[in-house]
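Reading through the C-alpha cells given below for one structure.
Read the figures in this text as sums done on the coordinates, not as results from a lab. Bear in mind that the values here come from a model prediction, so they are computed numbers and not experimental data. Don't worry about glycine lacking a Cβ; one is built from the backbone with ideal geometry, like all the others, and counts go over all protein chains shown.
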Amino acid sequence: MDYRNAQLALKRARSDSGDPGPDVLLQCRRGPETVRVTKAVARYTDEIYLLQADLLAGKIAAPHEPAALRAQAYTIRLGYKQAIATYVYAWKQLVAAIGLRQLPLSEVDGQVDRLIPFYDYDAVLAHVLRNHTDVLTAAARSRRRSTTSNLPRSHRCPMSRCVVTSGKRPRLSRSRPSWLPQ
C-alpha cells in the first residue's frame, strides 16, 4: 500500500510540475482582450476630455467640468498601462513554466469568450475516477483503513493502563484484553 501511495504521489508531482496551470494560460488568453478594451475606453475618455476642453475654451462649460474628466482620463490610461504590464507578466510566467525563456511575446491560441465544448459526463467521470491522483490516493487510503480496521484490536496497538498508588511511582502494566481467556 505504501509503495502504491508513493507511486501516486510521484505521478501527481510530475503532472503538477509539467502543467503550467490553467490560470497562467487563462491570463495569457485574457491579456490581449483586456488591453484592447482598456485602450478603447482610454481613447473614449480622452475624446470626451478634449470635447470638454473645447467647450471650456468656447466659454460654454464651467472650469471644473474638464478637471474631473482629466482625472478620469489619467486613471483609465494608467489602467491601460497596467493591462499591458499584466499581459507581459502573464506571458513571462507561461514561458517560464514551459521552460522556453527566450520565446518572444506572441499570441496564444484560443479566446476567453469561446464556447465551452460539450463533454459526455459519464465518460469524463470514468476517466477521472480511473486516472486522477487525488481520487486514487483517497481510494488507497480507504483500502488501507479498511484492512487495518479488520484486524483485532490487540494486534493494532497494545493496551496499557496506568496504575497510580500513593507513595509509589506510577507503573505501566500491560492489561489483557477482556475477550481473551485467562
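Annotation note: GluC sites (Glu not before Pro) in the range 27-130 located in DSSP loop regions with a Cβ neighbour count of at most 11 within 10 Å are E107.
Computed across the range 19-98, the Kirkwood hydrodynamic radius from all distinct Cα-Cα pairs reaches 14.3 Å.
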